[in-house]
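Asks: Mind having a look at this structure? Questions to follow.
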Amino acid sequence: MRTPLIAANWKMNKTIAETAAFFDAFLPVVRDVTDVDIIIAPPFTSLATAAEKTRSSSVKIAAQNAYFEEKGAFTGEISAAMLIDAGCEAVILGHSERRHILKETDEVINKKIKAALAHGLEVLFCIGELLAEREAGKTNDVLRTQITAGLAGIPSEGIVVAYEPVWAIGTGKTATPEIAQEAHDFIRSLLAEKYGDTAQTIRILYGGSVTPENVKGLMACPDIDGALVGGASLKPDSFAQLVRFNR
Ligand code: PGA
């Protein structure tokens, strides 16, 4: 059985005070949720506050990125050990905005995943195709390359995969449950080629314009084990509704 996981990616949003206010409103309304795992990824500057606020709850805090080196002359970068120090238990790696805006390659993402796992962080590993790639019939090729290169030399423990078609992120154009399920089924088959039966235990989240309105249909799909949510995770009531999708 794969426990559903609903994760929030706040991207470059919220000050420290706004982060504290979010948790003050959010935690009381999800306190009774024990059958869904919750991860929230605030910006770096809010991590310590978020970790402090959630210390006596089951909510885990994630960072949105980490560098692969331990320490040294890497201006502007943050190491996995620093994230642990700030109270993080997980990290998002390979997000499409980092791949496409910040030009991260599969090779760099692979190194980051290795460093994060070595420090005991759970990794939310994001993959997904561009609209042009889908329209050219290349979705499966893209997913295969991203999985093969991104997870090269990496065991399955501590990995959560997030399928986020780039055309669905922040656009309001969610993949239909059918389109998402087809991709998730293919991703699971790729994971099975690599990890055998263990692939059945790896959670695959869907991300891209997930809202309280469409989450139920997505979560009803057999290979969709959760959601990675951007826009709809910023308000405590809407993210609480997402976490309570099965109520
Ligand atoms: P969105 O973002 O929910 O705003 O589409 C999802 C993501 O980028 O993780």
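The values are calculated or read from the model by the stated rules, or taken from the named source; none is laboratory data. Because the structure is a prediction, the values reported are computed rather than measured. Cβ placement follows ideal geometry from the backbone for every residue including glycine, while neighbour counts extend to all protein chains displayed.
Asks: May I ask you to list the residues in the range 87-116 that are surrounded by fewer than 19 Cβ atoms within 10 Å (Cβ to Cβ) and more than 15 Å from the chain's Cα centre (by Cα)?
Replies: GLY87, HIS100, ILE101, LEU102, LYS103, GLU104, THR105, ASP106, GLU107, VAL108, LYS111, LYS114
Asks: Moving to a separate point now. Any residue in the range 70-97 that is under 14 Å from GLY120 (Cβ atoms) and of a type outside the set (Gly, Ala, Ser) sitting within a Cβ distance under 8 Å of a residue that is part of a loop (DSSP other than H, G, I, E, B) and within 16 Å of the ligand (Cβ to nearest atom)? List the pairs, counting only those 6 or more apart or interchain.
Replies: What qualifies is VAL91/GLN64; VAL91/ASN65.
Asks: I would also like to ask the following. Which residue, of THR19, THR3, is of a type in the set (Val, Ile, Thr), at pLDDT 95 or above and in a helix (DSSP H, G or I)? Let's see the steps before the verdict.
Replies: On the way: THR3 fails: in a helix (DSSP H, G or I).
Result of the check over THR19, THR3: THR19.
Asks: How many residues are part of a helix (DSSP H, G or I) and either under 25 Å from VAL59 (Cβ atoms) or touching a strand residue (DSSP E or B) at 6+ places or on another chain (Cβ under 8 Å) (or both) when one looks only at the range 100-138?
Replies: Residues that pass the stated criteria total 7.
Asks: Sticking with this one: When residues of the range 219-247 are filtered for being within 12 Å of the ligand (Cβ to nearest atom), outside any loop (DSSP other than H, G, I, E, B) and farther than 25 Å from GLU157 by Cβ, how many remain?
Replies: 6
Asks: Restricting attention to the range 156-167, which residues are at negative phi and more than 11 Å from the ligand (Cβ to nearest atom)?
Replies: SER156, GLU157, ILE159, VAL160, VAL161
Asks: Turning to a different aspect of this structure: Give the residues of the range 205-218 that are away from the ligand (no atom under 11 Å from the Cβ) and out of contact with any Leu (no Cβ under 7 Å at 6 or more places or on another chain), sorted by residue number.
Replies: Scanning the range 205-218 gives GLU213, LYS216, GLY217, LEU218.
Asks: Restricting to the range 130-155, name every residue that is among the charged types (D, E, K, R) and within 20 Å of the chain's Cα centre (by Cα). Steps first, please.
Replies: Taking the range 130-155 as the starting set, the residues that turn out to be among the charged types (D, E, K, R) are 133-135, 138, 141, 144.
Once the filter is applied, which keeps residues that are among the charged types (D, E, K, R) and within 20 Å of the chain's Cα centre (by Cα), the range 130-155 yields only ARG144.
Asks: Evaluate the following for ASP35: is it in contact (Cβ under 8 Å) with a residue 60 or more places away in the chain, more than 21 Å from GLY120 (Cβ to Cβ) and surrounded by fewer than 23 Cβ atoms within 10 Å (Cβ to Cβ)?
Replies: Spelling it out, ASP35 is indeed in contact (Cβ under 8 Å) with a residue 60 or more places away in the chain, more than 21 Å from GLY120 (Cβ to Cβ) and surrounded by fewer than 23 Cβ atoms within 10 Å (Cβ to Cβ).
Asks: Quick one: in the range 168-194, of everything that is within 19 Å of ILE92 (Cα to Cα) and buried (at least 17 other Cβ atoms within 10 Å of the Cβ), which residue is nearest to the ligand (Cβ to nearest atom)?
Replies: ILE169
Asks: Now a separate question. How many of the residues making up the range 12-32 are of a type in the set (Asp, Glu) and closer than 15 Å to THR45 by Cα?
Replies: Qualifying residue count for the region: 1.
Asks: Return the residues of the range 195-204 that are β-branched (Val, Ile, Thr) and either part of a helix (DSSP H, G or I) or more than 16 Å from the ligand (Cβ to nearest atom) (or both); say none if nothing qualifies.
Replies: If the condition is that a residue be β-branched (Val, Ile, Thr) and either part of a helix (DSSP H, G or I) or more than 16 Å from the ligand (Cβ to nearest atom) (or both), then THR198, THR201, ILE202 are the ones that fit.
Asks: Here are some residues: ASP223, ASP197. Which one is surrounded by 18 or more Cβ atoms within 10 Å (Cβ to Cβ) and out of contact with any Cys (no Cβ under 9 Å at 6 or more places or on another chain)?
Replies: Of ASP223, ASP197, the one residue that is surrounded by 18 or more Cβ atoms within 10 Å (Cβ to Cβ) and out of contact with any Cys (no Cβ under 9 Å at 6 or more places or on another chain) is ASP223.
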